[in-house]
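K.L.:
Can you keep this structure in mind? I'll have questions shortly.
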């Protein structure tokens, strides 16, 4: 059968927040399957901050990057049987013909993998708490921050896909957890449902003053999703030998000059470590992260929430709203 | 006997580069020795960048902070015999009565220690290559940067007390070494005498362009003594998993706003680690650093140079000239 795929093409370089017309939807005829290939239909698309960060390296005219959960409709590859679901970095497309190997771009992204049947675990969780954001939180926080019981942990972008998991893992490890986010609704969720100790609304609270109040003993670990002024201010409150896990700089992604004023001398004076990472650093240990997060999920120690947008055509809208911070928890698109 | 000490008093808060009158010389009557105390006379005073960095935390009216080598003139402490030399953080003073314990300020500075007799090793080396700067280079570079053979290492403030040792240790470890400093005289010394592979004059060369030429494979380790624009530019050239050892920010010490614009998102994208440190982190391992540096010195693998200013009264002048980058190698004052 001849299948038509809908794809989002990167049409015009983003200037600031992505605008209508920067991505355009096209139809593409998919070729018939060759041996070793399978055809999959998107069920959930992921929208993540890294997609904006990578924009300058994505060639105009190509399908926009991203991962998805897709159902296998047809297969000439026995590793990918019809009816099963696969997580793949196929880009923003409704249908994909793939050969089961690692996609070319972006470099170092993992090969597609078949989702195991876990009964009542929602399928979309494999894009979030049991997928890249879950492992980003697990490894990026534990490996770089090395949190100790009783320490104070600050998380920015705390209500985002990764941040909320980091805060919950920090609670599991016996830390005091302060979440920074941009709405009272998010704060309520973090404190009342996820058990964060404090919430700071960076839009309405004075971050510096509030940190002095809620972290009187200073900050030991900072998991940074946003960069910018927030990071500069948190550094002022950090203790000697503090650890900063640099996961993202979403506050700067829409800016031409992405650099940030940082009190570098304080990193010296307080012997602070700031380390950037990308989730694929621990890709060989993926299963460890997924299994631990699943265990905590099943034990009720990790809770999770998604902001679901309906319809393939609304992927761009979901992407922009995520960049504006309108999502609570992981932003996904249900096709 | 009644001894009069000359001391430099912190009289007026530094505003930018320290000015005449900010420190004033006073005379002080020293009390007669009690049991456990000894009297020592300064032979060499150290002037170091950290002294400017600490200025905001030094109380006006107190003796200015610093280390010195002093000869013991009189003693009621058998651990400190007359005639021996001691390294102590006594401050800028010509004579000191001390009880042999750790000085109160600045916190965490090591207790005075007796200099062993090493024959032809100059006494002043215990303020430099066999003292704090030597250990700062040894531990701060090796522990934080973890350099591997064949990697490219950039050192800023490369002709300073610490930087030149870092570069030489990097050569010993089989790295390619690029030094950044501010005069052709310094560059000549680094390349012709110390064996650095390249020198970049930050005052006359385009750092960005020159780094592209001399480090075409990118930079793996950066040992930072200066902060500021230099650091922001070097980060642009760093490779994935690059390591930055943040030793100092001398370019910002004389500024009111000591923060620096840094491409923080690049630390994420390239998974770079930036870690600040103060030399006392490894104070328990001091002897290891001193012994290794001494061994390399005796084997001719480490060379050393000092900029010596004569006369206690010229300590302030030596301090300001060091902050202006006029010294080559360690700046010391011979009393």
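The values are calculated or read from the model by the stated rules, or taken from the named source; none is laboratory data. Since we're looking at a predicted model, the values are computed, not measured. Glycine also receives a Cβ, built like all others from the backbone with ideal geometry; neighbour counts cover every protein chain displayed.
K.L.:
For residue B:118, indicate whether it is modelled with pLDDT under 95 and out of contact with any strand residue (DSSP E or B) (no Cβ under 6 Å at 6 or more places or on another chain).
P.N.:
Numbers: modelled with pLDDT under 95: yes; out of contact with any strand residue (DSSP E or B) (no Cβ under 6 Å at 6 or more places or on another chain): yes.
Answer is yes for this residue.
K.L.:
Give the residue that is nearest to residue A:233 (Cα to Cα), with candidates limited to residues of the stretch A:184-201 that are in contact (Cβ under 8 Å) with a residue 24 or more places away in the chain and in contact with a helix residue (DSSP H, G or I) (Cβ under 6 Å, 6 or more places away or on another chain).
P.N.:
A:199
K.L.:
Follow-up question, since we're still on this one. Find the residue count for the stretch B:220-248, including only residues that are more than 7 Å from chain A (Cβ to nearest Cβ) and in a helix (DSSP H, G or I).
P.N.:
Adding up the residues that qualify gives 7.
K.L.:
Give all pairs with beta carbons closer than 7 Å in which a residue from the stretch B:1-21 that is loosely packed, with under 12 Cβ neighbours inside 10 Å meets a residue that is in a loop (DSSP other than H, G, I, E, B); count only pairs at least 6 apart in sequence or on separate chains.
P.N.:
Final answer for the pair search is B:13/B:60; B:16/B:254; B:21/B:11; B:21/B:12.
K.L.:
Let me spell it out: the conditions are (1) modelled with pLDDT under 95; (2) closer than 24 Å to residue B:258 by Cα, and residue A:237 meets all of them except one. Which number is the exception?
P.N.:
(1)
K.L.:
On to the next question. Can you tell me which condition residue A:295 does not meet? The list is (1) in contact with a helix residue (DSSP H, G or I) (Cβ under 7 Å, 6 or more places away or on another chain); (2) surrounded by fewer than 16 Cβ atoms within 10 Å (Cβ to Cβ); (3) within 30 Å of residue A:111 (Cβ to Cβ), and all the others hold.
P.N.:
The single condition residue A:295 does not satisfy is (1).
K.L.:
Could you say whether any residue in the stretch A:255-265 is at the interface with chain B (Cβ under 7 Å from one of its Cβ atoms) and assigned to a helix (DSSP H, G or I)?
P.N.:
yes
K.L.:
Further question: Tell me whether the stretch B:307-318 contains one or more residues that are under 18 Å from residue B:130 (Cβ atoms), more than 14 Å from every other protein chain (Cβ to nearest Cβ) and in contact with a strand residue (DSSP E or B) (Cβ under 6 Å, 6 or more places away or on another chain).
P.N.:
Yes: the stretch B:307-318 contains one or more residues that are under 18 Å from residue B:130 (Cβ atoms), more than 14 Å from every other protein chain (Cβ to nearest Cβ) and in contact with a strand residue (DSSP E or B) (Cβ under 6 Å, 6 or more places away or on another chain).
K.L.:
Report, by residue number, each residue of the stretch B:269-286 that is facing another protein chain (nearest Cβ under 10 Å) and either outside any helix (DSSP H, G or I) or out of contact with any helix residue (DSSP H, G or I) (no Cβ under 8 Å at 6 or more places or on another chain) (or both).
P.N.:
B:270, B:271, B:272, B:273, B:274, B:275, B:276, B:277, B:278, B:280
K.L.:
Which is assigned to a strand (DSSP E or B), assigned by TED's automatic domain parsing to the domain that holds residue A:109 and touching a residue at least 40 places away in the same chain (Cβ under 8 Å), of A:65, A:24, A:69?
P.N.:
Just one listed residue meets the conditions, A:69.
K.L.:
Now a separate question. Which ranges mark the strands (runs of 3 or more DSSP E) fully within the stretch B:76-173 that have 3 or more residues being assigned by TED's automatic domain parsing to the domain that holds residue B:221 and touching a residue at least 40 places away in the same chain (Cβ under 8 Å)?
P.N.:
Ranges flagged: B:152-156.
K.L.:
Looking at (1) in contact (Cβ under 8 Å) with a residue 12 or more places away in the chain; (2) facing chain B (nearest Cβ under 9 Å); (3) assigned to a loop (DSSP other than H, G, I, E, B), find the lone condition where residue A:251 falls short.
P.N.:
It is condition (2) that residue A:251 fails.
K.L.:
From the residues in the stretch A:320-335 that are over 12 Å from residue A:46 (Cβ atoms) and part of a helix (DSSP H, G or I), which one is modelled with the lowest pLDDT?
P.N.:
From the stretch A:320-335, those over 12 Å from residue A:46 (Cβ atoms) are A:320-321, A:323-326, A:328-329; that's our starting set.
From what is left, the residues that are part of a helix (DSSP H, G or I) are A:320-321, A:323.
Working: A:320: 95, A:321: 94, A:323: 91.
In this case the residue turns out to be A:323.
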